[in-house]
1. Is at least one residue of the range 117-126 in contact with a helix residue (DSSP H, G or I) (Cβ under 9 Å, 6 or more places away or on another chain), buried (at least 21 other Cβ atoms within 10 Å of the Cβ) and within 20 Å of residue 406 (Cβ to Cβ)?
2. Of the numbered conditions (1) surrounded by fewer than 18 Cβ atoms within 10 Å (Cβ to Cβ); (2) in contact with a strand residue (DSSP E or B) (Cβ under 6 Å, 6 or more places away or on another chain); (3) modelled with pLDDT under 95, residue 36 fails exactly one; give the number of that condition.
3. Of everything in the range 223-252, what is closer than 19 Å to residue 121 by Cα and in contact (Cβ under 8 Å) with a residue 60 or more places away in the chain? Give them in sequence order.
4. Give me the pairs: first residue in the range 260-277 and free of Cβ contacts under 8 Å to residues at least 24 places away in the same chain, second residue surrounded by 23 or more Cβ atoms within 10 Å (Cβ to Cβ) and assigned to a loop (DSSP other than H, G, I, E, B), beta-carbon distance under 7 Å, and six or more apart or on different chains, which are they?
5. Suppose we filter 299, 277 for residues that are under 30 Å from residue 102 (Cβ atoms), touching a strand residue (DSSP E or B) at 6+ places or on another chain (Cβ under 8 Å) and either modelled with pLDDT of 95 or more or crowded, with 21+ Cβ neighbours inside 10 Å (or both); which single one remains?
6. In contact with a helix residue (DSSP H, G or I) (Cβ under 9 Å, 6 or more places away or on another chain) and on the phi < 0 side of the Ramachandran plot, is that true of residue 323?
7. When the range 232-257 is examined, which residues are found to be outside any loop (DSSP other than H, G, I, E, B), in contact with a helix residue (DSSP H, G or I) (Cβ under 7 Å, 6 or more places away or on another chain) and farther than 21 Å from residue 284 by Cα?
8. Restricting attention to the range 93-103, and to residues there that are buried (at least 24 other Cβ atoms within 10 Å of the Cβ) and at pLDDT below 95, which single residue is farthest from residue 377 (Cα to Cα)?
């Protein structure tokens, strides 16, 4: 009899779930952040991982849905971080699934719903191990940000602009080398940062463009003319603008413009900005904001393993073969304090700083972490804004950008 009752109870539950429709969520009383404005007391309907309706007058009962009361809090699109090395004591190059998932989980608590695991200059063996680990970890992060593809930052960089990158692995691009990397992980690579002035970069640009990989110039000593030529060839962004990026230089008494000037003068190029308020202090953030605006600014964390961790010694890059660093004053530094070694920022902090330091409105500050990176990565047809038909990647936060809920594909991965 007990078995029969259990079977009937299970059958009733299945019938109820079927009637309700799979994966239904109803977010009520939300202040929904759209690209141009905030709509208060709005409702968001989600089904099967996608947004089906947004508005203030949705009368349909949406039976069987899980109801989430936003209680007036802001509802924003999930934050997209196209440049992140790790966090929570983990680096994506550590070579373990636990490290990949641990970093993604820490960033999800701060509103990141899509992350592009980023490498630093390392051996090809370390890079290939990252490819293998990524394949094992993808789709297995129930409490963490989803993975959008790998961002290679390293190897083909200017030695003069290496910053915190390991000099042992800085090199010129050759077909033999980058074709070996592409053979091992070409299906996973979404972005590639390199110095376009290096010998061999023209061939690299052609090959990566052919594969649809987003190209970014960074750690570069390029002159303005070289930067413009790279843009014309298909390079669409500048990695961590101002950080390890050439500006005006003098040669034989003549002044030459650099990549920074190209970033300002090329209207169509995106500039990636570390939003910790330290790599770019308030005057520079305001200048970038004034010239480029939210449509061409991509906020990033550039976070390394120290994000979410206390001050003290840490490692930049792989725990097995990385460089020593130290966390202090809200940033990661090389031990001799000669250079930054990545940030310990989170995406909610980026939004907060664009409001406080750059003078952006809330919708504009949210855009640099959502719609603009989605456009850069050509995924804005399904990511980057709260609209019917798009993925239900949604973040709830208060007026101080304190995240209380992160939803990815209609599934809550973090709730405070």
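The values are calculated or read from the model by the stated rules, or taken from the named source; none is laboratory data. Here the structure is a predicted model, which means the values were calculated and not measured. Glycine gets a Cβ as well: all are built from the backbone with ideal geometry, and neighbour counts include every protein chain shown.
1. Looking for residues that are in contact with a helix residue (DSSP H, G or I) (Cβ under 9 Å, 6 or more places away or on another chain), buried (at least 21 other Cβ atoms within 10 Å of the Cβ) and within 20 Å of residue 406 (Cβ to Cβ), one finds at least one in the range 117-126, hence yes.
2. (2)
3. Correct list: 239, 240, 243, 244, 245.
4. Going by the 7 Å Cβ cut-off, the qualifying pairs are 260/246.
5. Exactly one of 299, 277 is under 30 Å from residue 102 (Cβ atoms), touching a strand residue (DSSP E or B) at 6+ places or on another chain (Cβ under 8 Å) and either modelled with pLDDT of 95 or more or crowded, with 21+ Cβ neighbours inside 10 Å (or both), namely 299.
6. No.
7. Selection gives 233 alone.
8. Once the filter is applied, the top-ranked residue is 94.
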